[in-house]
Every structure is written in C-alpha cells, then in structure tokens.
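So the structure is just underneath, and the comments pick up after that.
The values are calculated or read from the model by the stated rules, or taken from the named source; none is laboratory data. Just so it is clear, the model here is predicted, and its values are computed rather than measured. FYI the Cβ positions are ideal-geometry reconstructions off the backbone, even for glycines, and counts take in every protein chain you see.
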C-alpha cells in the first residue's frame, strides 16, 4: 500500500511538471493543453482508485486468511500441548510400574533363594532308614480301609432285645478291619468313615423289618419298615462317623424285628 501511494504522488508530480512546461513554452496554447491533460488525469485517478480498492479488498481477504490460519495454529498448538501432557503422564505411570515390578522381582528372587537354601537343608535331613520306610509303607496301607458283606441266606429274628448281626458273605475287606466272625468293624486309624446299611424283609402287620447302626455300643441310625400293603420291604440308611483308633461299629437287629437275605444278597453292610 505504501508503494502504491508513492506511485500516485510521483504521477501527480510528473503531470504537474508536464503541465507547467506546457504553459511556459506555449503560453498561447495553455487552455488547450489543460483541456488535453485534465481528462487523462481523471482517467488515471479512476484507474488508480479502482486498483486501490482491489488492493484493499485483497488486503482484507489476506488478513482474514491470516487470522484463520492463526486460529487454526493456536487450536493445533493447544491440542498438541494436551496430547504431549497426556503422553508425559502415561510415560511417568509406566516408569513407576516398571520400578514397582523390579522391586517385586527382586523380592521374589530373594524368597526363591531362601526357599532353595531351606529345601537343601530339608533334603539333607530326609535321609530315611529302611525301617522308617517300611513303617511309612505300613501306615499308608493301614489307612486304606474298605469292606462290604452280605448277611447270608435265611431269616433272622424276631428277638425281644437288639441282637448283633454277623454279615458272613464278604465281598471285600481291604485292610482287614471288618471281622467276619463277629460282624464288628474296628477303626485301624483315626479318620472319617462312611457306613451304609441295606435291609430286606417280609411285610407284616405285627413284625417290623429293621436293623440299626451302632458306634461303640451307641445307636446311630436305623433302617426299618412296617408296611403291610406290599409283599417285601427294603429299608436303608447310612452315616459318616469320625472314629478314633480302636472304635467299633456294628449292625444290630432291632428288638421285635426280623430281616431276611437270599442268594441274591439283599441285606448288606458296607463301609470305607
């Protein structure tokens, strides 16, 4: 804009000089020269005014574009600063996590070394003799206990008092804890044992079919039935008991009751 104004001034000065010279050289034709020059000056002024207007419009457009660019640059700069801060925050968090993991790894390594040293000491103290190994084997075998037996063919009862039943048909007797001669199970080791009793008998209006499980002589559970609308009855029951070494468990025929067994093995006593 400054260069454009200077050009206008120089043009005006040049036109003034030409006019003055025309007046001094040809004084007689002064009015004619002014008539010729004045229209040219107005044309130039209009042309220059139009160019100035164009330059001003272009200037305003350039200013608007510059302001828009500055706004976009400011927005981009704000976003970049926020993103940079977020990256720095995540980086600090990652560095903290790495340091914490290093401490955990160090602690675990120390514990592993301590355990390895302790294991070496334990291994050094676990030198067993042949006698000790045999004792461990016997203890392990003694803890394996399982038996199952049937009462045997025939009718049993009724009696006025509870009477022990001896299940003589043995299916299995691992650990030999069940005595086939007395019908008594004796616990070889302390533990929880599970017992099951199945009873079979004829239905009767006057005589029950029933038997009960006893622990150290005390009643635990009973399996009995007195229905008269069926030809046979099949009551059952069971229990899990915590036994000490030497505790005994057996089945007794309930007083004034009867039971029956056949070759199909209906009445059984089992435990493990």
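Values computed for the structure shown
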item	result
Lone qualifier among 238, 217 - being in contact (Cβ under 8 Å) with a residue 40 or more places away in the chain, assigned by TED's automatic domain parsing to the domain that holds residue 172 and out of contact with any helix residue (DSSP H, G or I) (no Cβ under 9 Å at 6 or more places or on another chain)	238
Single residue of 142, 93 found to be modelled with pLDDT under 95, under 30 Å from residue 198 (Cα atoms) and within 42 Å of the chain's Cα centre (by Cα)	142
Residue within segment 187-194 that is loosely packed, with under 11 Cβ neighbours inside 10 Å, touching a strand residue (DSSP E or B) at 6+ places or on another chain (Cβ under 7 Å) and modelled with pLDDT of 95 or more present	yes
Conditions (1) outside any loop (DSSP other than H, G, I, E, B); (2) more than 16 Å from residue 157 (Cα to Cα); (3) touching a residue at least 40 places away in the same chain (Cβ under 8 Å): number failed by residue 263	(1)
Residue within segment 147-169 that is farther than 24 Å from residue 219 by Cα and free of Cβ contacts under 8 Å to residues at least 40 places away in the same chain present	no
Yes/no for residue 50 being at pLDDT 75 or above and surrounded by 10 or more Cβ atoms within 10 Å (Cβ to Cβ)	yes
Failed item, numbered, when residue 183 is tested on (1) on the phi > 0 side of the Ramachandran plot; (2) free of Cβ contacts under 8 Å to residues at least 12 places away in the same chain	(2)
Candidate set: segment 235-260, residues that are under 46 Å from the mean Cα position of the chain (by Cα) and in a strand (DSSP E or B); chosen: the one surrounded by the most Cβ atoms within 10 Å (Cβ to Cβ)	243
Residue list for segment 145-186, restricted to those being part of a strand (DSSP E or B), more than 52 Å from the chain's Cα centre (by Cα) and loosely packed, with under 15 Cβ neighbours inside 10 Å	154, 155, 164
Single unsatisfied condition, residue 63 versus (1) exposed (fewer than 10 other Cβ atoms within 10 Å of the Cβ); (2) modelled with pLDDT of 75 or more	(1)
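Every residue, every condition in (1) outside the structural domain of residue 259 (by TED's automatic domain parsing); (2) more than 26 Å from residue 248 (Cα to Cα); (3) at pLDDT below 75, yes or no:
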position: 113; (1), (2), (3): yes, yes, no
position: 123; (1), (2), (3): yes, yes, yes
position: 126; (1), (2), (3): yes, yes, yes
position: 135; (1), (2), (3): yes, no, no
position: 159; (1), (2), (3): no, no, no
